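Take a look at the structure set out below.
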Amino acid sequence: MQARTPMVLRLVNGDELRGWVEWYDKGAIKFHRHDAPNLLIPKTSILFMFKEEELRRQPRKKVSAGVPGQAGPRPLDADEANGDASSPPEGASDESSESED
């Protein structure tokens, strides 16, 4: 808080505020703005917050969230991709219905 890091707050009502956190406690944040009055904002009203410098950064390429060394999801077969995958009817079983003597 001593550094006065520029922040962006998104409130649950959709408003976006820019400024820095002057102080905070268990239930509220005092938010200092350059061009408007300071605000005491209940934490329950904040949807999320982030550093303003994140807006200026280049978007990063998405990295797969899988485990290293592990294969990704199975590719769809042509039938599955077209929605023509046949599945056995409910209650049907793959086992043969032979009776033992």
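Figures for the structure shown
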{"item": "Subset tally (residues that are more than 20 Å from residue 54 (Cβ to Cβ) and out of contact with any strand residue (DSSP E or B) (no Cβ under 7 Å at 6 or more places or on another chain)) for the range 1-36", "result": "6"}
{"item": "Options 17, 55: the member that is farther than 15 Å from residue 3 by Cβ, part of a helix (DSSP H, G or I) and not basic (Lys, Arg)", "result": "55"}
{"item": "Filter result (among the basic types (Lys, Arg) and either farther than 17 Å from residue 45 by Cβ or surrounded by 11 or more Cβ atoms within 10 Å (Cβ to Cβ) (or both)) within the range 6-33", "result": "10, 18, 30, 33"}
{"item": "From 3, 36, residue being surrounded by 10 or more Cβ atoms within 10 Å (Cβ to Cβ), modelled with pLDDT under 95 and either in contact with a His (Cβ under 7 Å, 6 or more places away or on another chain) or in a loop (DSSP other than H, G, I, E, B) (or both)", "result": "36"}
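The values are calculated or read from the model by the stated rules, or taken from the named source; none is laboratory data. If you're wondering where the values come from, they're calculated on a predicted model, not measured in any experiment. Please note: Cβ atoms are built from the backbone with ideal geometry, for glycine as well, and neighbour counts cover all protein chains shown.
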